[in-house]
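Following: one structure in structure tokens, then a few remarks.
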Amino acid sequence: MNYTKAPSPSVLSPAALHYLSTNQPFYYSPRAHLFDWCPDHLFALAIPVIAYWVSSTFFHILDISEWKWLDKYRIHESSEVKSRNLVTRAEVIRAVLLQQVVQTAIGFFWMEQKSSGMLVDHVGNMLQLEPTLAGVLARTLGDKMGARVLDRDGAQLLYATYWWAIPVAKLIFGMFIIDTWQYFLHRAMHVNRWLYKQFHSVHHRLYVPYAFGALYNHPLEGLVLDTIGTGIAELLSGMTTREAMVLFLVSSLKTVDDHCGYSLPFDPLQLLTSNNADYHDIHHQVIGIKSNFAQPFFVHWDAILGTRMTRKDIEDRRMSQK
């Protein structure tokens, strides 16, 4: 692998440069494309579709099972799904497939074919971070101590920053963009009666949500809320193609999980954030339809803007009405 010349001469030792060139994280693949038969930028479009149907099929299997141990984790009884929803499962599947066809077609033109794996000069990219790292160390530790830390641990710090801190920061920022986009558009579609009647009321035909109904929307709402919003997040966060794959994967899994109808104690997506299936289920009920607009990751916009509702809030409201 060739080194890219840093903006200023590197102070790293040959041993440090060797460390950077010979160590990669477990998730790294040197392949130009993860699969020979599919370029990465096209595979990125398939990932959310595959994740959606695999995860929703898993929850559907739970739905149709007669496992008694699951009963305590169900948010609603199975009979409620059949009796209270205003749309058939066949209609839901057709609508979801339409949205996924549209998002894939748009993504075909949106996603750029970027270099990946061994085609990227990762060492050169890390060395370009060296002046910034040196400046941060000097400002926080002082010139002498900062220089000593850079000399002793510079390679490890550059490695951790490049392979872990920056990708994680991009992912969190992308999630924040998606949450912001969806919160304000979602809330607008509840505040504006015309928008609700013409578009968002379609999704609320699922009074009792279930997994593969997560993307049951009016086609235009699905385009604006989900497809365009995620595309903007990918663009603004400056993700590589493989980083975008992770964002698309997590977004799809989280969306399905939020509509799965279960409060599962072993579900990692429900443990990481309080914006989970139970939280979103409140929004689908009459009492909470003007609350819990935040989706799919965090609840900060609901908390900041006073639209958050919990089960305790519902119980307190009902008690006050007695």
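The values are calculated or read from the model by the stated rules, or taken from the named source; none is laboratory data. Remember, predicted model here, so these are calculated numbers, not experimental data. Don't worry about glycine lacking a Cβ; one is built from the backbone with ideal geometry, like all the others, and counts go over all protein chains shown.
Cβ-Cβ distances below 7 Å connect the following pairs, each with a first residue in the range 202-224 that is under 14 Å from Ile93 (Cα atoms), a second residue that is part of a loop (DSSP other than H, G, I, E, B) and aromatic (Phe, Trp, Tyr), and a separation of six or more residues or different chains: His203/Tyr216; Leu206/Tyr216; His218/Phe199. Looking at the range 237-322, the helices (runs of 4 or more DSSP H) lying wholly inside it that each contain 1 or more residues that are farther than 30 Å from His41 by Cα and touching a residue at least 60 places away in the same chain (Cβ under 8 Å) sit at 277-284, 300-305.
Just checking, which of Ile75, Ile61 is without any contact (Cβ under 8 Å) to a residue 40 or more places away in the chain, under 20 Å from His259 (Cβ atoms) and out of contact with any Cys (no Cβ under 6 Å at 6 or more places or on another chain)? Matching residue, one of Ile75, Ile61: Ile61.
Taken over the range 109-129, the residue count meeting the criterion of being exposed (fewer than 15 other Cβ atoms within 10 Å of the Cβ) and touching a Lys or Arg at 6+ places or on another chain (Cβ under 8 Å) is 1. Filtered by the rule that a residue be more than 14 Å from Ser21 (Cα to Cα) and among the aliphatic types (A, V, I, L, M), the range 142-156 gives Met145, Ala147, Val149, Leu150. Assessment of the range 23-42 against the conditions (modelled with pLDDT of 95 or more, of a type outside the set (Asp, Glu) and in contact with a strand residue (DSSP E or B) (Cβ under 7 Å, 6 or more places away or on another chain)) yields no matching residue. One residue stands out in the range 241-264 among those that are buried (at least 19 other Cβ atoms within 10 Å of the Cβ) and of a type in the set (S, T, N, Q): the one that is nearest to Ala51 (Cα to Cα), namely Ser252.
For the range 49-72, filtering for residues that are more than 19 Å from Gly107 (Cβ to Cβ), of a type in the set (Gly, Ala, Ser) and in a helix (DSSP H, G or I) leaves 2.
The set of residues in the range 84-108 that are hydrophobic (A, V, I, L, M, F, W, C), in a helix (DSSP H, G or I), surrounded by 13 or more Cβ atoms within 10 Å (Cβ to Cβ) and in contact (Cβ under 8 Å) with a residue 40 or more places away in the chain comprises Val92, Ile93, Ala95, Val96, Leu98, Val102, Ile106. Being loosely packed, with under 12 Cβ neighbours inside 10 Å and polar (S, T, N, Q) is the filter; apply it to the range 1-22 and report the residue that is modelled with the highest pLDDT. Within the range 1-22, the match that is modelled with the highest pLDDT is Thr22. Looking at this structure, is Ile232 within 30 Å of Thr57 (Cβ to Cβ) and of a type in the set (A, V, I, L, M)? Answer is yes for this residue. Could you say whether any residue in the range 214-222 is among the polar types (S, T, N, Q), at pLDDT 95 or above and out of contact with any His (no Cβ under 7 Å at 6 or more places or on another chain)? For the range 214-222, residues among the polar types (S, T, N, Q), at pLDDT 95 or above and out of contact with any His (no Cβ under 7 Å at 6 or more places or on another chain): absent.
Picking from residues in the range 228-239 that are crowded, with 16+ Cβ neighbours inside 10 Å and not aliphatic (A, V, I, L, M), the one that is farthest from Gln100 (Cα to Cα) is Ser237. Screening Ser55 against (1) over 28 Å from Phe199 (Cβ atoms); (2) at pLDDT 90 or above leaves a single unmet condition, (1).
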